[in-house]
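Notes follow once the structure below has been shown.
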């Protein structure tokens, strides 16, 4: 009975997340059209922050509940899932040409902040000072995107010849779409993570593995559903910007907040040895497979997606075999 109830809430959360992601992408596309701001910038800022908030809330809750292992596992696992699952599915079903100029800077920044996090993780913990540094890097990323949006030549806004009141209605609809989508993502992610966690514990899976797999995939569902919605709406720039931005935000905002909250709560934020020696190096391998062809060949290939999915399956299998961690 308990298993059936948790499974029902788990599937219900999945449905709510899917609908929320659809609302969010629709609102983001309308914002791009009425403002003239490039989809890549919209995806890397508004959509990325919105879809990453479930991870932030879950990790903060984990730290405050004295489950810091879940917090770090959620962050690292979400970054891996974003590339090896979300981006992999996106590339597999929609291989396409890429504007290298628009992803080059964000890709290098992603490599840089992940490398810094790897250095910080060498002592198998995250301190408040390291968290503060990562938050500064998040602020720099956010302001650089805002500056890019201001300096980019705007596309011609696709507003209909309407009176002023109708234009205000369009803006109102975009705001409502963002808020409704975000609320649904939060509620759906909470249901998915809470009951996914319960199901995993019923089957005897360890805390760190839960964070790296079940919770990481659950909190990555907003990115997944927004990418699927982007595929349906033929909006590749929005999906790619969302995935790159989400990983940068996971690495800076999420880990940074955990470091500061952990210090205030009197809790050390630990990293397992396997996270440092396996998961983080594995993340760099995924980056090379996913991003190198984009920067060198200016396009994505279906083989990339299939390779990433295969590696992710082996990674999850490895975690299950290696537990407890």
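The values are calculated or read from the model by the stated rules, or taken from the named source; none is laboratory data. Computed from a predicted model, the values in this text were never measured in an experiment. Positions of Cβ are generated from backbone atoms using ideal geometry, with glycine treated the same way; all protein chains shown enter the neighbour counts.
Can you list the helices (runs of 4 or more DSSP H) found entirely within segment 44-95 that contain at least 1 residues being modelled with pLDDT of 85 or more? Before the answer, list the steps.
On the way: elements: 48-64, 68-81, 88-93.
Hits in segment 44-95: 68-81, 88-93.
Of all residues in segment 296-306, which are in a helix (DSSP H, G or I) and either buried (at least 20 other Cβ atoms within 10 Å of the Cβ) or without any contact (Cβ under 8 Å) to a residue 24 or more places away in the chain (or both)?
296, 297, 303, 304, 305 - these are the residues of segment 296-306 that are in a helix (DSSP H, G or I) and either buried (at least 20 other Cβ atoms within 10 Å of the Cβ) or without any contact (Cβ under 8 Å) to a residue 24 or more places away in the chain (or both).
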Determine whether segment 233-242 contains at least one residue that is more than 27 Å from residue 188 (Cα to Cα), over 15 Å from the mean Cα position of the chain (by Cα) and at pLDDT below 90. no
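Which ones in segment 96-108 are in contact with a strand residue (DSSP E or B) (Cβ under 8 Å, 6 or more places away or on another chain) and part of a loop (DSSP other than H, G, I, E, B)? Spell out how you get there, then give the answer.
Initial filter on segment 96-108 (in contact with a strand residue (DSSP E or B) (Cβ under 8 Å, 6 or more places away or on another chain)): 96-98.
Selection gives 96, 98.
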Looking at segment 165-185, which of its residues are at pLDDT below 75 and under 29 Å from residue 269 (Cβ atoms)? 182, 185
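From the list 293, 281, which residue is assigned to a helix (DSSP H, G or I), surrounded by fewer than 24 Cβ atoms within 10 Å (Cβ to Cβ), touching a strand residue (DSSP E or B) at 6+ places or on another chain (Cβ under 8 Å) and at pLDDT 85 or above? First the steps, then the outcome.
Values: 281 fails: touching a strand residue (DSSP E or B) at 6+ places or on another chain (Cβ under 8 Å).
One residue alone meets the criteria, 293.
Restricted to segment 266-278, and to residues that are part of a helix (DSSP H, G or I) and in contact (Cβ under 8 Å) with a residue 12 or more places away in the chain, which residue is surrounded by the most Cβ atoms within 10 Å (Cβ to Cβ)?
Filtering segment 266-278 for residues part of a helix (DSSP H, G or I) gives 273-278.
Still in the running and in contact (Cβ under 8 Å) with a residue 12 or more places away in the chain: 273-276, 278.
Numbers: 273: 9, 274: 17, 275: 23, 276: 16, 278: 17.
Here the answer is 275.
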